[in-house]
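To keep things clear, I will list the structure first and then write my remarks on it.
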Amino acid sequence: MGLTPRPGDDVVSYNPGSQESFMTTRLDFLVNWSRANSLWPMPFGTACCAIEFMASAASKFDLARFGMERMSFSPRQADVLICAGRVPFKLAPVIRRIYQQMMQPKWVISMGACASTGGMFDNYAVVQGIDTIIPVDVYVPGCPPRPEGLMYGIMMLQKKIKNERAADTSLRDEMEPDPKSQLYIPPTAIDELSEPFGNAVHQTRSGL
Amino acid sequence: MTAPFTPVLAGSAASGDAPASPRNVPHRGGPENPSAAALRAQFAGAIQRVDVVWNETTVYVQVSRVHDIIAWLATDAEQQYNYLSDVTAVEYRDGEQPLQVVWHLRSLPFRRFLRIKVELAPGAALEVPSVWDVYKAADWLERECFDMFGITFSGHPDLRRILMWEQYREGYPLRKDFPLRGRFSRSEQLRQALAANPEARYSMEELSIVDAFDELPADMRARVKSGERTGE
C-alpha cells in the first residue's frame, strides 16, 4: 500500500484503492471493545474496601487507564456496580433498588470478602454475600483487596464482556425477582450459601 | 548555637505529679470522686454502693430515684455534670446477675467523670426513667439502648428502634439470649429485609413533614395525625 503524499487542503479526493481509513471487523468485537473500555462504575462503598477502591481510582493506580475514570453516582448512567464493603440487611433493599435502576448492559463486581460472602461478619445484621440479593459477575477476594486485585477483577470483567455475543439477547434480559419473596434464588439456596464454613462455630437457631 | 530544648511540664506531667497510668493507679480502692460523697449526703437512702475501679467511680443507685439523682447532678452548682457521654446497658452471661443500665456523666467545669448504674434484677421489668428532659443527648442514646437491649425508657418522647429497622421482629440483638446469627433463617431474614421499602425508612418527623403540617394536602395531614410513622 505504501504512503502517498498528502494532498493539499483544498483537494477533495476519493481513492478506493487506498484503504488507510478503513478496517473490517466483527460487529461484536467492535461493540464489546468499546463497552469493555468505557465501563462507568457506580461505586457502592460501605466500608474499608471503599478506601482501596478510592486508591484504585486515584492517580497512583489510575482506573482511567481502563476507561473508568468517570464515577457514576447516578445508577442510570452506570455500567458496572462495584459493591465495596459489607452490606447490612438494612441496605439490602437499597442495593437491590440501585441495581434495578441501572440500565442494561450492566455488570456487578463484588469487591472484598464481606461483599462476596459476609466475611467475618457472620452475624444477625450482615447479608451473607450480595449474590443473595443481586447477580454478581466478578468476585474480588481480599480483606480488603489491594487496588491491583480490584484491577485484576476489572480486567476479568473486561475479558468477559469481550466474549459476549450481541446476538444473544438473553444476556440483557432483566432478571425479575420472585414477586412473593422478592428473592432471585430459592430460599434453600440462600440458606446453603449463608452456611458458615471453615472453622466458624456452628450455632443453633430457633428455626422459621 | 541553639538553646537546649526544655519541655514545659504542666498538669499531670509536672514533676512530683505522676501521670495516671495503670502502674500507679490502684485497680480498686483509689480515691473516690467527691460527687459520690455529695450524693450520699443528698440522697441517703437511694445510694446502694460505690465502687472505685481504676480511679473511676461507679455509683449504684435505686431505679426509682435515678432520674432525680441525674437531674440533681446536672443542675447542682457544686456538681455541674453538664455532659452525658453515654447511656448503655450491661448483661452478664450469668443469669443470676442483674442487668445493669449505665449512665456516663462528665462534669466539664470540674473535670470529673462519674458512672451511675442501676441494677435490674432478673425477672424485673426492664424499665428505667428517661433522662431526656435533663440531657437532650439522651434521645438517640436511649433509643439505641432500647433497640439493642429492649429496655424501656419511660418518658422518652420517641422511643423506637434506631440501628435496626423499625419492622425488625427478631428481638434485641445484644441480649445474651439472642443467637449471634439472629433467630430467623438467612433466607427469611433476607426476605423480610427486601420486603421493606427503602424510601419508607424515615419517619415523618425525620423528613420534616410534620413541620410543614399546615401546608400539607389533606390526605397527608390525616396520615400524620393518625400517628403514621414509616410511611407504609
Requested in this report: Determine, yes or no, whether B:S185 is within 11 Å of chain A (Cβ to nearest Cβ), modelled with pLDDT of 85 or more and out of contact with any His (no Cβ under 6 Å at 6 or more places or on another chain).
Outcome: yes
Requested in this report: Tell me which of these A:I134 doesn't satisfy, since it passes every other one: (1) more than 14 Å from every other protein chain (Cβ to nearest Cβ); (2) assigned to a loop (DSSP other than H, G, I, E, B); (3) not charged (D, E, K, R).
Outcome: (1)
Query - Top-ranked residue in region B:188-204 [being more than 9 Å from every other protein chain (Cβ to nearest Cβ) and either farther than 29 Å from B:V102 by Cα or modelled with pLDDT of 85 or more (or both); ranked as surrounded by the fewest Cβ atoms within 10 Å (Cβ to Cβ)] - result: B:A200
Report summary line: Residues in region A:71-105 that are within 12 Å of chain B (Cβ to nearest Cβ) and among the polar types (S, T, N, Q) total 2
Requested in this report: Report yes if some residue within region A:118-126 is under 17 Å from A:Y139 (Cα atoms), free of Cβ contacts under 8 Å to residues at least 40 places away in the same chain and loosely packed, with under 15 Cβ neighbours inside 10 Å; otherwise report no.
Outcome: yes
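Table: residues versus (1) under 20 Å from B:V90 (Cβ atoms); (2) surrounded by fewer than 18 Cβ atoms within 10 Å (Cβ to Cβ); (3) away from chain A (no Cβ under 11 Å).
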{"residue": "B:G123", "(1), (2), (3)": "yes, yes, yes"}
{"residue": "B:E166", "(1), (2), (3)": "no, yes, no"}
{"residue": "B:R169", "(1), (2), (3)": "no, yes, no"}
{"residue": "B:R175", "(1), (2), (3)": "yes, yes, yes"}
{"residue": "B:P179", "(1), (2), (3)": "yes, yes, no"}
Requested in this report: List the number of the failed condition for A:S110; all other conditions in (1) facing chain B (nearest Cβ under 10 Å); (2) among the small types (G, A, S); (3) closer than 15 Å to A:V80 by Cα hold.
Outcome: (1)
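The values are calculated or read from the model by the stated rules, or taken from the named source; none is laboratory data. All values derive from a computational prediction rather than experimental measurement. Positions of Cβ are generated from backbone atoms using ideal geometry, with glycine treated the same way; all protein chains shown enter the neighbour counts.
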